Amino acid sequence: VQLQAFGGGLVQAGGSLRLSCAASGRTFNLYAMAWFRQAPGKEREFAAAISGSGGIIYYTDSVKGRFTISRDNAKNTVYLQMNSLKPEDTAVYYCAVDTRSIAAKRQAFEYNYWGQGTQVTVSS
C-alpha cells in the first residue's frame, strides 16, 4: 500500500491550492481516507476525513467553509481543495487511509497507512 501526496506549494493569503493523494496497491473505494497537517513545532492535527462511499465527511472547525475533501474511487484518489488560505494553514499536509474500515474518523491513530506529506506555505 502506497500513498503519494502532491499539489502543495507557496501561495499568498486568500489563494487556493488543490492537494491530491493517489493510492496504489489496493482498491480503496471501501476505505476511509483523511488529510492531516503538521505545522512547525506543533502536533499533527486532523484537517478533513471522508468515508469510503464519500457520504460522510468531517472537517476540523478551522477549515470549515474553506476546505473541501472529495474522492474519486475510480482513480483511487482523494483531494483536498483549499480556498481562502491563511498563513496559519501553513503546514506539511499528510494523507492517510484506514484499510480496516469505511467509516471516516478524526483520530490519527485510527489510520494505518500514510503518505509522505506535501508542504503548503501561505504567505501573508
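The values are calculated or read from the model by the stated rules, or taken from the named source; none is laboratory data. Quick caveat, the model's predicted, so the values are computed rather than measured. Heads up, the Cβs are rebuilt from the backbone with ideal geometry, glycines too, and the neighbour counts pull from every protein chain shown. When the accessible area is computed, the model is the full protein with side chains, heavy atoms only, and any ligands, DNA or RNA have been set aside. Shrake-Rupley method; radii C 1.70, N 1.55, O 1.52, S 1.80 Å.
A few notes on this one:
- Residue selected from the range 63-78 under the condition under 10 Å from Ala48 (Cβ atoms) and open to solvent by less than 60 Å² (accessible area, probe 1.4 Å), by the criterion farthest from the chain's Cα centre (by Cα): Val63
- Selection over the range 90-124 of residues that are over 14 Å from Leu3 (Cβ atoms) and among the polar types (S, T, N, Q) gives a count of 7.
- Number of the condition not met by Met82 [criteria: (1) without any contact (Cβ under 8 Å) to a residue 60 or more places away in the chain; (2) aliphatic (A, V, I, L, M); (3) surrounded by 13 or more Cβ atoms within 10 Å (Cβ to Cβ)]: (1)
- All of (1) in contact with a Lys or Arg (Cβ under 8 Å, 6 or more places away or on another chain); (2) over 20 Å from Arg18 (Cβ atoms); (3) open to solvent by 40 Å² or more (accessible area, probe 1.4 Å) hold for Asp98 with one exception: (3).
- Any hit, the range 39-51, residues being surrounded by 13 or more Cβ atoms within 10 Å (Cβ to Cβ), modelled with pLDDT under 95 and touching a Leu at 6+ places or on another chain (Cβ under 8 Å): no
- Counting the residues of the range 75-117 that are farther than 28 Å from Gly15 by Cβ and basic (Lys, Arg) gives 2.
- Yes/no for Asp89 being of a type outside the set (Ser, Thr, Tyr) and either surrounded by 17 or more Cβ atoms within 10 Å (Cβ to Cβ) or more than 15 Å from Arg37 (Cα to Cα) (or both): yes
- From Val92, Val1, residue being modelled with pLDDT under 95, of a type outside the set (Ser, Thr, Tyr) and within 17 Å of Gly117 (Cβ to Cβ): Val1
- Only one of the numbered conditions (1) within 15 Å of the chain's Cα centre (by Cα); (2) open to solvent by 10 Å² or more (accessible area, probe 1.4 Å); (3) within 17 Å of Leu3 (Cβ to Cβ) is not met by Ile57, and that is (3).
- Test: Ala34 is modelled with pLDDT under 95, open to solvent by less than 20 Å² (accessible area, probe 1.4 Å) and closer than 19 Å to Asp98 by Cβ: no
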